[in-house]
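Reading through the structure tokens given below for one structure.
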Amino acid sequence: ALLATYQAARMIVLLALAAPLSGRLEKVQTSDPIAALAPAAESTQVAELVRTLPGADQIPAVVVYERTTGLTAADQARIAEDKAALTANGVGIGEVTGPVPSADGQAAILAVPLTSTDPDALAEDVATIRDIVSEGDDGGLTVRVTGGAGVTADLVGVFSGINGTLLIATALVVAILL
């Protein structure tokens, strides 16, 4: 019993010392996919070439407007207003393009080119876009922000703070097993 108490106390001290360091992992990790590749590999060379192409530094945020009964004149006006608001706000690095309507008239998209190698900054830009276009359902009109930028922002939200949560969950499992 004394040995079990000693081991539990040792684990508690170890966790108390490690807990403040759990948030530092995010500062030293990289999201650059080329960083994990061998410098001489063909895939590394292709990835480097892709970075030199025009628009390779852009990550699109796509604003999708959809009404199952077909977009109305009021919807079209809202889309035009949102495009003007996005342009006036200066979010993005280039011209907001669109609207591009679907063939059946039920949807239209706006594309907002963003650039950032920092997922957190990209998530902030997407949050700004979502605030401007009032993402959600409004009287039958559904508005969503997606594209590479929207997906990245959602992933940042899902995985933020996971290091601390994972550390605590692991500590609890180890403590229970001991």
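Does segment 107-124 contain at least one residue that is assigned to a strand (DSSP E or B), open to solvent by 50 Å² or more (accessible area, probe 1.4 Å) and either over 30 Å from MET11 (Cα atoms) or β-branched (Val, Ile, Thr) (or both)? Yes, the conditions are met somewhere in segment 107-124.
Evaluate segment 90-102: report whether one residue or more is open to solvent by 40 Å² or more (accessible area, probe 1.4 Å), of a type in the set (A, V, I, L, M, F, W, C) and not in a loop (DSSP other than H, G, I, E, B). Yes: segment 90-102 contains one or more residues that are open to solvent by 40 Å² or more (accessible area, probe 1.4 Å), of a type in the set (A, V, I, L, M, F, W, C) and not in a loop (DSSP other than H, G, I, E, B). Criterion applied to ALA74, ALA107 was being modelled with pLDDT of 90 or more and under 18 Å from VAL145 (Cα atoms), and the one residue passing it is ALA107.
In segment 133-154, the residue that is modelled with the highest pLDDT out of those that are under 17 Å from the mean Cα position of the chain (by Cα) and buried (at least 18 other Cβ atoms within 10 Å of the Cβ) is VAL145.
State which residue pairs qualify: first residue at positive phi and inside segment 139-153, second residue among the small types (Gly, Ala, Ser) in any location, beta carbons under 6 Å apart, and separation of 6 or more residues or different chains. What qualifies is GLY147/ALA61.
The values are calculated or read from the model by the stated rules, or taken from the named source; none is laboratory data. A quick note: this is a predicted structure, and the numbers were derived from the prediction, not measured. Glycine also receives a Cβ, built like all others from the backbone with ideal geometry; neighbour counts cover every protein chain displayed. What goes into the accessible areas is simple: the full protein's heavy atoms, side chains included, and nothing from ligands, DNA or RNA. Shrake-Rupley method; radii C 1.70, N 1.55, O 1.52, S 1.80 Å.
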